[in-house]
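The values are calculated or read from the model by the stated rules, or taken from the named source; none is laboratory data. Everything numeric here is computed off the predicted structure, so don't read it as measured data. Neighbour counts are summed over all protein chains in view; Cβ atoms, including those assigned to glycine, are modelled from backbone coordinates with ideal geometry.
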Amino acid sequence: MRLTMLIILLTAGITLKAQVKFNGNIEELDNKGNPVGWDLTYKHYNTYEVKIDSSVKFQGKYALSISPGNSKESYGMIGFPINQHLQGKILTLAGFIKTENVTGGSATLWLRVNGENKRALSYADNEKDGITGTTNWKEYGVQVPYNDQDALTIEVGAMLTGKGKMWIDSLRLYLDYKPIAEAIITPRPSFLASKDTALSKSSGIDTILSTPQNIKYLTLLGELWGFLKYHHPAIANGDYNWDNQLFMILPTILNCHTDQQLSDAMEKWVDSLDKPPLCTSCTPIDQVKNIAVKPDYGSLFTNPVFTKSLTDKLRFILANSNNTANYYIDRSRGISSIFKHEQTYNDIKYPDAGIRLLALYRYWNMIQYFSPNRNLITEDWNTILPTFIPQLIHANNQFAYLKTMVKLISTTHDTHAFITIGAYDEYFGNYRVPFQAKFIENKLVVTGYYKDTLQVKEHFKPGDIITSINGTPVNQLIKNYMSVSSASNTAAALRDMPGKYLLKSKKGMFKFTLLRDNRPLVINQQAVEKNKIDFYGYDMNPDANAPAYHLINKQVAYIFPGRYKSGGIDSIKKQLVYTKGIIVDMRGYPSGDILNDLNNFIKSDSSDFVQMSYTTVTRPGLFFYNPAGKTGNKNPDYYKGKVVVIVNETSQSAAEFATMAFQSAPNVTVIGSTTAGADGDITDVPLPGITTYMSGMGVYYPDGSNAQRNGVKINYLIKPTIQGIKNGKDELLEKAKQLIEN
């Protein structure tokens, strides 16, 4: 990937002779007996016990072991940082792992490439191999792209989740398939944009009046700012810190009193960037084929405020925008986009008015030009800017800013748009009740227990209907929190709401009003600190120690992909051949390569199962269809029995993708209820003080129907009932068995 570098260090092009040192063999120890270069505390996050082992090793004198020791955490990890800038494209890690009694998790190697602000440009681990139990030394590997234009550091590491013990030894790191010690060390590329740090702590704008005129002018500014960011070659080249340019133009815009003044100010701003060169090879959009989603420029070319002179200049920029790379956007990871060089302002707890406006502009334009599902947003996305400008201007404290941004992000209706904001999460408390509750038959129902503690089993019974929490009716709570629930559909929003909002508190005591067998009850329940229980792990894998596959009876086999190990089908093929059917329980997140392993077993040949869409740096906002994806191999001995796939709102992303692949086989039936409606890779979205995500690619069935928001196609719509919960019955599993046996 070529990026035009305007400022290169004086030593540009000169490679350095120093060698990259990687103590992957664990042979070099310091004077304290610790392995040189390894961070055994992993930035002080690791509380697991890490030891040098001279008796259990793969080769040489030493290996490293990781075990929980006395830690109260659910995982432990170590890392080896490499801070040199290297020249290459593909980074590969290989190494040996041995395990002993690993349960409730797995042992993994991991590899990460970081860019500016320590953001991950690429990451991979071997979690799909699911290394559990007791295993002898075996080699594992992971691979990631290395973007030498943006990569700043490399991290190599190992992680143990759950209980047990793991050892690592003989780790080797390769760049472009050559040992890392032979890698070429080069100076880091430098850009004019990265040198401009004058406004990195404050925009200098504390107050903005939300007059109708200001909102109109600021809406046009947000559209123009984003259009230039992703289309003008000077910005694509990294000539300008585009955040700072916004802060510098804002006072001028806020002082405009007439449309003519505004248009003149913006035209002068556009002229300062110089005119792009004429592109003789650019194809007009009306001649482009295979379009999934057309670009949308808001009111940029249709508003009555801009003069013809300014509009003509913008049309010229659009017609001659031929950037093959962009300082702020990359697609080196494949179909999904990568946002880069974005200032995160993480050290500012409560950003000023200018930075709050920047947050809105940045997010709105990221969705406008790089969300493949922009056309599926319920609201007209072009109305979001004028709607949220006054809300963010008036966000008068940190929580008000964060809540408004959560509300903004939730308008995209994308279950992948989960939000990583510690301060926002903490506002709703660090306590959760130790029982599980889900929405069944449109009521909040107790469905199980995360931990038998604090008399929770005495106070609550499966099937109890919760009608109010701390004095507020549940129906009112749903209305309160629906607008800040980032979810593709109602099923996914209600799935997340209990754990995210309803069953959390700053206090350790809850007051519940219940209906049990139509009798009202009031129960006070003490809560636990949320970091004491792995709530998410239980929801996705309620019986972590159960096998991934077993025979329910002689006719029916059962597979839970959340515990599946790659290649596992091979070990049970002989048992499966004599069954009438297989139940694949997709109510969780699949591990291992279940998609290919199972499809190669249940299909007679390769066939289409998915279409995906993508955009380019050259044509932001224009999404094209990829050729259809195929799955399956030529297999005359394919499985002839029935396959029933169970799905519900916990089936998300990889689970939905795998289900679509299974549906390409003729003997597959899908039962259950609406899935999460968020498929494909996720893209990191860096905002001031906030990290969120979005679905990075459009995912369609071969017939063109969209999987995003809709979820997978379902043959039999079946949902659990309150009576079934009371009786301890898994009604979906019972239906799956019935479909096979009858």
Strands (runs of 3 or more DSSP E) enclosed by the stretch 24-106 - at least 2 residues per element that are under 26 Å from residue 531 (Cα atoms) and of a type in the set (Lys, Arg): none
Where residue 543 falls short, out of the listed (1) of a type outside the set (Phe, Trp, Tyr); (2) assigned to a loop (DSSP other than H, G, I, E, B); (3) modelled with pLDDT of 95 or more: (3)
Qualifying residue in the stretch 552-565 (condition: part of a helix (DSSP H, G or I), out of contact with any strand residue (DSSP E or B) (no Cβ under 7 Å at 6 or more places or on another chain), farther than 21 Å from residue 661 by Cβ and touching a residue at least 12 places away in the same chain (Cβ under 8 Å)): no
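Rundown of residues vs (1) more than 28 Å from the chain's Cα centre (by Cα); (2) farther than 30 Å from residue 292 by Cβ, yes/no style:
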{"residue": "569", "(1), (2)": "yes, yes"}
{"residue": "572", "(1), (2)": "yes, yes"}
{"residue": "575", "(1), (2)": "yes, yes"}
{"residue": "581", "(1), (2)": "yes, yes"}
{"residue": "599", "(1), (2)": "no, no"}
{"residue": "605", "(1), (2)": "yes, no"}
{"residue": "609", "(1), (2)": "no, no"}
Residue within the stretch 401-409 that is under 17 Å from residue 504 (Cβ atoms), modelled with pLDDT of 95 or more and outside the structural domain of residue 344 (by TED's automatic domain parsing) present: no
Subset tally (residues that are surrounded by 15 or more Cβ atoms within 10 Å (Cβ to Cβ) and in contact (Cβ under 8 Å) with a residue 40 or more places away in the chain) for the stretch 387-399: 4
Pick from the stretch 502-533, criterion in a helix (DSSP H, G or I) and either in contact with a Lys or Arg (Cβ under 6 Å, 6 or more places away or on another chain) or at pLDDT 95 or above (or both), ranking: surrounded by the fewest Cβ atoms within 10 Å (Cβ to Cβ): 530
Condition met for residue 289 (surrounded by fewer than 19 Cβ atoms within 10 Å (Cβ to Cβ), assigned by TED's automatic domain parsing to the domain that holds residue 231 and of a type outside the set (A, V, I, L, M)): yes
Hey, residue 56 within 16 Å of residue 157 (Cβ to Cβ), surrounded by fewer than 19 Cβ atoms within 10 Å (Cβ to Cβ) and of a type in the set (A, V, I, L, M) or not: no
Options 169, 243, 206, 264; residue that is among the acidic types (Asp, Glu) and either part of a loop (DSSP other than H, G, I, E, B) or modelled with pLDDT under 95 (or both): 206
Candidate set: the stretch 566-581, residues that are in contact with a strand residue (DSSP E or B) (Cβ under 8 Å, 6 or more places away or on another chain) and surrounded by fewer than 16 Cβ atoms within 10 Å (Cβ to Cβ); chosen: the one nearest to residue 71 (Cα to Cα): 575
Boolean, residue 132 is crowded, with 19+ Cβ neighbours inside 10 Å, closer than 24 Å to residue 535 by Cα and under 24 Å from the mean Cα position of the chain (by Cα): no
Residue ID - nearest to residue 695 (Cα to Cα), chosen from residues in the stretch 383-420 that are over 20 Å from the mean Cα position of the chain (by Cα) and part of a loop (DSSP other than H, G, I, E, B): 395
Total residues in the stretch 439-464, condition in a loop (DSSP other than H, G, I, E, B) and crowded, with 18+ Cβ neighbours inside 10 Å: 5
Condition met for residue 157 (on the phi > 0 side of the Ramachandran plot and in contact with a Lys or Arg (Cβ under 9 Å, 6 or more places away or on another chain)): no
Top-ranked residue of the stretch 223-240 - restricted to ones that are assigned to a helix (DSSP H, G or I) and over 28 Å from the mean Cα position of the chain (by Cα), ranked as nearest to residue 299 (Cα to Cα): 224
Index of the failed condition, residue 97 passing every other in (1) aliphatic (A, V, I, L, M); (2) at pLDDT below 95; (3) surrounded by 20 or more Cβ atoms within 10 Å (Cβ to Cβ): (2)
Neighbours by Cβ (under 6 Å, 6+ apart or cross-chain): first from the stretch 320-346, farther than 16 Å from residue 238 by Cβ and basic (Lys, Arg); second modelled with pLDDT under 95 and assigned to a loop (DSSP other than H, G, I, E, B): 331/337
Single unsatisfied condition, residue 343 versus (1) surrounded by 16 or more Cβ atoms within 10 Å (Cβ to Cβ); (2) of a type outside the set (Val, Ile, Thr); (3) modelled with pLDDT of 95 or more: (3)
Answer from 168, 185 - the residue that is β-branched (Val, Ile, Thr) and buried (at least 20 other Cβ atoms within 10 Å of the Cβ): 168
Filtered residues of the stretch 604-659 (kept if in contact with a Leu (Cβ under 9 Å, 6 or more places away or on another chain), among the hydrophobic types (A, V, I, L, M, F, W, C) and either at pLDDT below 95 or within 23 Å of residue 375 (Cα to Cα) (or both)): 654, 657
Qualifying residue in the stretch 216-235 (condition: in contact with a Pro (Cβ under 8 Å, 6 or more places away or on another chain), outside the structural domain of residue 122 (by TED's automatic domain parsing) and basic (Lys, Arg)): yes
Qualifying residue in the stretch 624-632 (condition: buried (at least 17 other Cβ atoms within 10 Å of the Cβ), assigned by TED's automatic domain parsing to the domain that holds residue 555, closer than 20 Å to residue 562 by Cα and among the β-branched types (Val, Ile, Thr)): no
Residue within the stretch 122-138 that is in contact with an Asp or Glu (Cβ under 8 Å, 6 or more places away or on another chain), basic (Lys, Arg) and closer than 30 Å to residue 330 by Cβ present: yes
